[in-house]
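Trainee: Just dropping this structure here.
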Amino acid sequence: MFLSLLVLGACGADQALAEPTSTSASPANVAAQEVQRGVSLVLTVDDTDLAVGDELRFHLAFRNASGDAAVVVPPLDGSWDGMRQPAYELVFEDAKGQPLPHALGFTPNARCGLTSPIEPKDRRVLGARSKLQIEDAHAWAPSFRVLAHARPGVVSLRVRYRADGLPGATPLALVSNPVELTLRGGKEALWACRNAQAERAKQHVYAENSPSRLVAREDGYLLVYRRTETHVRPGETRSIGAVFVQPLGPRGEPVGAPVELARSDNDWLGLVETLDVPGGLLVAFTTARGEENRDVRLVYVDTSQGAPRPGPIKTISTEPGRPVFLALARAGARAGIVWQGRVGGDEVLRFRPLGLKGEPTGSAVSISSSAGLAGGKVLFEPVGSDYLLAWHQGGPELRLQRVAADGALMGSAGTVKPADMGTLVALGTRGDRVGIVVGDNGVNHAIAGDTMGLHAIELSAADFRLLSDAPASPWDQQTARFGAAAWVDSRLTRVWSEDRRLLFASEPGAQAPQVLLSQAAGGTHGLWATADKSRLLATWTDTRDDDPRPCAPSGNCVSEVYVAVLDPTGKVLVPPARATRTAVPRPVALHQANWAELCAKK
């Protein structure tokens with residue numbers, strides 16, 4: 001997205017290396033020259049003998065030896081951070097002319113935000129056969145200080161200037177004269193290790209697993225999950241995906257290899273939705289079609305005869321739109337799928353009826369009451385032989401609509417305005433009431449200490465009239481909690497993450513039983529009740545080690561899927577177990593405070 005008044009810059013310590021930045025600030029296609037178009041960059045240094053803690057102070061000037069005037073630009077907001085042109089950069093070499101990246105010691109780019117646009121006053125005219133001193137060469141620059149992990153010894157310093165794609169400026173790619181520096185102190189081994197970490201952050205491959213659904217089968221379980229493999233290259237980050245089903249034993253342990261259901265070599269497959277049907281599973285996902293559209297696809301997995309056996313992939317929709325969230329539900333002998341599409345320029349929910357093996361049994365129809373919806377997760381549950389849909393229409397407005405098995409709308413949509421409209425988590429019908437759980441993503445300053453949490457909303461099933469809207473328990477409104485929920489009859493059960501701790505609770509009230517499932521949980525959670533309501537199946541992403549202590553952030557941390565089984569009161573029936581083993585760790589995060597400790601462990 002281009003902004004008329006501001007130019008978006010790189011953001012985040014690792015992202016500055018891993019994600020594409022503005023092409024105008026990327027490395028030049030040709031080597032910088034000491035003299036170009038008769039223009040050179042002159043570097044002088046105040047003190048060339050520096051110890052750890054000293055700051056490098058220098059001055060810059062442009063010299064024009066030609067008979068033609070040139071236009072140059074001094075450092076601007078983002079120039080020293082690789083975020084824009086003009087780009088300025090310190091370049092270090094050893095006595096043999098070999099590069100010494102970050103000779104003063106590497107510091108991650110913590111700058112995050114927007115860069116100011118260039119203005120006419122920023123363009124400076126460099127007259128023919130003249131010299132222009134930059135008033136403040138350190139303008140907008142970080143502190144160039146010698147760090148404890150600097151590369152000690154004699155180094156050669158130059159400054160690189162690039163403005164070969166800047167409107168109104170003379171196209172130049174210059175490198176200044178060299179100045180010899182002596183750096184005292186520092187640790188060369190740490191310097192080399194830190195640079196290696198920075199190089200790995202520029203180019204690497206990592207893979208993470210995230211759960212879609214856990215279902216019970218005979219004396220074990222089946223886990224459906226997506227594996228996302230991300231390829232990071234200079235100027236490009238690309239993710240590809242595959243969907244698997246992993247058979248699990250009675251203790252949640254993997255049994256055999258995962259079975260691949262779908263794969264893409266150029267797309268991440270979107271968010272995966274899974275429905276448990278008699279004798280099998282329906283697994284839905286999306287695939288990219290060009291830059292603007294995503295198609296909806298589905299595969300039926302036969303689980304009735306031992307190992308899961310996926311059938312052919314079916315195409316459910318190639319309509320315009322970029323659906324991300326999908327929803328599947330079963331009503332008796334029929335199923336249905338819902339996604340967000342685009343009709344006549346409006347975003348709208350689309351419904352298509354399915355058989356229990358995923359075959360379409362009718363055409364896609366629009367849920368007209370959803371036209372212009374804001375988007376986000378859709379809640380989709382059976383009510384007898386029909387369905388109930390709930391979605392975020394926009395602003396504070398939550399809408400509900402009954403839908404027949406063929407997609408026909410039943411009555412008018414209901415509109416509810418909760419006190420805090422957040423992320424939709426769960427939907428359930430309980431007799432004459434409808435329950436909805438919302439992940440509150442706002443802060444109510446009228447409540448002392450309020451942050452975020454799970455809110456339970458109750459509506460009249462007859463007319464969707466709001467009956468109650470309150471935190472799931474008194475302690476929910478005091479802590480930021482994001483998770484999943486499921487009803488067992490009238491009992492509301494939930495899992496939530498709190499500072500990487502994953503907890504389970506059953507029943508409302510301040511004394512609701514809490515079970516600690518993990519101290520290293522990630523951000524993806526799921527919770528489902530079995531058909532007989534005797535068990536609750538929980539799954540989440542986790543970064544713990546197998547021992548199973550919490551994993552300290554390092555190159556050995558991976559995001560795998562864990563599972564656990566509880567009864568409705570919170571009694572643990574199957575302790576937390578690691579269900580996947582195919583993740584690939586990221587490199588050490590450049591902003592980690594313990595990076596030097598990790599170097600020492602090598």
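Trainee: Residues VAL434, VAL425: which one is surrounded by 16 or more Cβ atoms within 10 Å (Cβ to Cβ), within 17 Å of ASP463 (Cβ to Cβ) and modelled with pLDDT of 90 or more?
Mentor: Numbers: VAL425 fails: within 17 Å of ASP463 (Cβ to Cβ).
Exactly one of VAL434, VAL425 is surrounded by 16 or more Cβ atoms within 10 Å (Cβ to Cβ), within 17 Å of ASP463 (Cβ to Cβ) and modelled with pLDDT of 90 or more, namely VAL434.
Trainee: Under 7 Å by Cβ, and 6 or more places apart or on different chains, what pairs join a residue from region 241-256 that is farther than 8 Å from ALA579 by Cβ and free of Cβ contacts under 8 Å to residues at least 40 places away in the same chain with one that is in a strand (DSSP E or B) and of a type in the set (Gly, Ala, Ser)?
Mentor: ALA242/ALA262; GLY249/GLY220; VAL255/GLY220
Trainee: I've got another one for you. When you look at GLY362, is it over 30 Å from GLY483 (Cβ atoms), part of a loop (DSSP other than H, G, I, E, B), without any contact (Cβ under 8 Å) to a residue 60 or more places away in the chain and assigned by TED's automatic domain parsing to the domain that holds ILE316, yes or no?
Mentor: Judged against the criteria, GLY362 is a match.
Trainee: With respect to GLU381, is the statement that it is assigned to a strand (DSSP E or B), within 26 Å of the chain's Cα centre (by Cα) and of a type in the set (D, E, K, R) true?
Mentor: On the way: assigned to a strand (DSSP E or B): yes; within 26 Å of the chain's Cα centre (by Cα): no; of a type in the set (D, E, K, R): yes.
Spelling it out, it is not the case that GLU381 is assigned to a strand (DSSP E or B), within 26 Å of the chain's Cα centre (by Cα) and of a type in the set (D, E, K, R).
Trainee: Shifting gears a bit: Restricting to region 102-138, name every residue that is modelled with pLDDT under 90, more than 23 Å from VAL588 (Cα to Cα) and part of a loop (DSSP other than H, G, I, E, B).
Mentor: Looking only at region 102-138, we keep the residues that are modelled with pLDDT under 90, and these are 107-117.
Applying the additional criterion that residues be more than 23 Å from VAL588 (Cα to Cα) yields 113-117.
Selection gives SER116, PRO117.
Trainee: Name the single residue, out of those in region 52-73 being in a loop (DSSP other than H, G, I, E, B) and closer than 18 Å to ASP164 by Cβ, that is nearest to the chain's Cα centre (by Cα). Working first, answer last.
Mentor: Step one: of region 52-73, the residues in a loop (DSSP other than H, G, I, E, B) are 52-54, 56-57, 65-69, 73.
Next cut, closer than 18 Å to ASP164 by Cβ only: 66, 68-69, 73.
Details: SER66: 51, ASP68: 50, ALA69: 48, VAL73: 36 Å.
Top of the filtered list is VAL73.
Trainee: When the residues of region 571-588 are narrowed to those that are assigned to a loop (DSSP other than H, G, I, E, B) and surrounded by fewer than 18 Cβ atoms within 10 Å (Cβ to Cβ), which ends up modelled with the lowest pLDDT? Talk me through it step by step, then tell me what you get.
Mentor: First pass over region 571-588, keeping only residues assigned to a loop (DSSP other than H, G, I, E, B): 571, 579-583, 585-588.
Then drop every residue that is not surrounded by fewer than 18 Cβ atoms within 10 Å (Cβ to Cβ), which leaves 571, 581, 585.
Details: LYS571: 95, ARG581: 92, PRO585: 83.
Restricting to residues being assigned to a loop (DSSP other than H, G, I, E, B) and surrounded by fewer than 18 Cβ atoms within 10 Å (Cβ to Cβ), the top hit is PRO585.
Trainee: So GLY355 clears everything in (1) surrounded by 20 or more Cβ atoms within 10 Å (Cβ to Cβ); (2) touching a Ser or Thr at 6+ places or on another chain (Cβ under 8 Å); (3) under 24 Å from VAL224 (Cβ atoms) except one condition, right? Which one?
Mentor: With (1) surrounded by 20 or more Cβ atoms within 10 Å (Cβ to Cβ); (2) touching a Ser or Thr at 6+ places or on another chain (Cβ under 8 Å); (3) under 24 Å from VAL224 (Cβ atoms) applied to GLY355, the lone miss is (1).
Trainee: With the requirement that a residue be within 21 Å of ARG227 (Cβ to Cβ) and surrounded by fewer than 20 Cβ atoms within 10 Å (Cβ to Cβ), what does region 269-286 give you?
Mentor: LEU271, the sole residue that qualifies.
Trainee: Testing PRO99 on (1) surrounded by 13 or more Cβ atoms within 10 Å (Cβ to Cβ); (2) within 15 Å of VAL159 (Cβ to Cβ); (3) of a type outside the set (Asp, Glu); (4) modelled with pLDDT of 95 or more, one condition comes back false. Which one is that?
Mentor: Every listed condition holds for PRO99 apart from (1).
Trainee: Here is a follow-up. From the set of residues in region 487-524 that are assigned to a loop (DSSP other than H, G, I, E, B) and in contact with an Asp or Glu (Cβ under 8 Å, 6 or more places away or on another chain), which is modelled with the highest pLDDT?
Mentor: Applying the filter and picking the extreme gives ALA520.
Trainee: As an exercise: evaluate SER143 against (1) surrounded by fewer than 17 Cβ atoms within 10 Å (Cβ to Cβ); (2) more than 17 Å from GLU93 (Cα to Cα); (3) at pLDDT 95 or above and give the number of the one condition it does not meet.
Mentor: Every listed condition holds for SER143 apart from (3).
The values are calculated or read from the model by the stated rules, or taken from the named source; none is laboratory data. Because the structure is a prediction, the values reported are computed rather than measured. Using ideal geometry, Cβ is built from the backbone for each residue, glycine included, and neighbour counts are taken over all protein chains shown.
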